[in-house]
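Take a look at the structure below.
The values are calculated or read from the model by the stated rules, or taken from the named source; none is laboratory data. What you are looking at is a predicted structure, and each value in this text was computed from that prediction instead of being measured. Here Cβ is always computed from backbone atoms with ideal geometry, including for glycine, and neighbour counts include all displayed protein chains.
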Amino acid sequence: MPHRQKTYLQRLEHNFLSWKLDHLLFWTSYAWVYSFVLPLGVNSTESFIIANGILVLHAVIAYFNNDFLIPRFLLNRHYLIYLISLSLGILSVCFPLSILVHMVINNTELQNLVWSDTFFLFLVINVIFSVILTMVLKLVKQWYGDQKINKDLRQIQLQTELKFLKSQINPHFLFNSLNNLYALTLSKSDAAPEVVLRLSNILRYILYESNQGKVSIKKEMAHVEDYVSIERLRLGEKVKIDVNIEENLNDEPVEPMLFLTLVENAFKHSESVLPDHRFIRLFANKTPKGFRFLIENSFIPSKKNEELGGIGLQNIKKRLNLIYPNEHDLKSSAKDGVYRVDLLINI
């Protein structure tokens, strides 16, 4: 037997056994309560045995209702057919129930009462109660299962959307980094080999470590510094770059490629400013609740805020909303030639 088919049969057998145990536990517990409320035997053991016999007939109509009538008629909105079929099913069960009760009880008065309209109505109400109880339990179980499925689907959708957003960010980052390297090779800069080395570290981080889930703040900041070093080598001393990253950062896990993308955006959107007036300022530090990352860059005031943020900032906003809902604060502003992005994350 193929391994896949064997695994499927084992899973099916396991589910069937679990189903049998659940249902057996329910009907046994129900019989115990039934025998306690309506003791028809001379002692508790006999009452329990009689209750099991009675509830076998209750179970017949209950399963007939849950597994046939509800899917076939009720869910398809054939309400009249459903009510007629259920009523006939309940009545058909009550007749053998009357015979069973008449056979098992020893009290003569009760035996005569069995064939009265009052006792028959009592049996009908009993069966209706069992049908409603099992129906409610089935609907609750089905609702719980649907909630679990919906939760799993939302989780899959979340992961898919995050992967899509990352796939937009990484090529965007790579494209700009290769442009930087190309500019250095054209000028035959001695800094090109070091840029290649640092870029290799960043690409390894993007391709391998950032796809393993969350990373530590220290590791994310180390690669931020790698990127800043690449830009420093490319731009030289004309552009003022200030980096202030707190040294004693903790190892709290954060979503990768959030801060690196903000840095890349800052350098990209300050390119139109003359080198003597161009600057990048970066601050990263712990807060009582988590972590703060602030970056500022020069820009030409005529540019629109949307142009300054670019696709990178929009993707970061989406990722933050997905991963840190109500646990982050991202603010951006453009004033007096300074574009500022301030990100607070509660970790």
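Residues that are among the hydroxyl-bearing types (Ser, Thr, Tyr) and under 22 Å from Ser270 (Cβ atoms) were ranked within segment 213-259; the one that is surrounded by the fewest Cβ atoms within 10 Å (Cβ to Cβ) is Ser229. Pairing each residue of segment 321-341 that is under 19 Å from Gly290 (Cα atoms) and in the same structural domain as Pro253 (by TED's automatic domain parsing) with any residue that is surrounded by fewer than 13 Cβ atoms within 10 Å (Cβ to Cβ) and among the aliphatic types (A, V, I, L, M), provided the two are 6+ apart or on different chains, yields C-beta distances under 9 Å for Leu322/Leu158; Ile323/Leu158. When Pro325, Pro301 are checked against the criterion of being modelled with pLDDT under 90, in a loop (DSSP other than H, G, I, E, B) and under 27 Å from the mean Cα position of the chain (by Cα), a single residue qualifies: Pro325.
The rows are residues; the columns are (1) aliphatic (A, V, I, L, M); (2) over 24 Å from Tyr339 (Cα atoms); (3) in contact with a helix residue (DSSP H, G or I) (Cβ under 8 Å, 6 or more places away or on another chain).
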| site | (1), (2), (3) |
| --- | --- |
| Val215 | yes, yes, yes |
| Glu220 | no, no, yes |
| Glu225 | no, no, no |
| Ile245 | yes, no, yes |
| Leu249 | yes, yes, yes |
| Thr261 | no, no, yes |
| Val273 | yes, no, no |
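In segment 137-149, the residues that are within 18 Å of Tyr30 (Cα to Cα) form Cβ pairs under 7 Å with partners that are surrounded by 10 or more Cβ atoms within 10 Å (Cβ to Cβ) and modelled with pLDDT of 80 or more, at six or more places apart or across chains, as follows: Lys138/Asn66. Selection of segment 262-277 for residues being surrounded by 17 or more Cβ atoms within 10 Å (Cβ to Cβ) and either outside the structural domain of Asp226 (by TED's automatic domain parsing) or touching a Leu at 6+ places or on another chain (Cβ under 8 Å) (or both) yields Leu262, Val263, Asn265, Ala266, His269. Checking each residue in segment 255-284 for being over 16 Å from Lys238 (Cβ atoms) and assigned to a loop (DSSP other than H, G, I, E, B) picks out Glu255, Pro256, Met257, Leu258, His269.
Scanning segment 16-56 for residues that are of a type outside the set (Val, Ile, Thr), part of a helix (DSSP H, G or I) and more than 18 Å from Ser130 (Cβ to Cβ) yields Phe16, Leu17, Ser18, Trp19, Lys20, Leu21, Ser44, Glu46.
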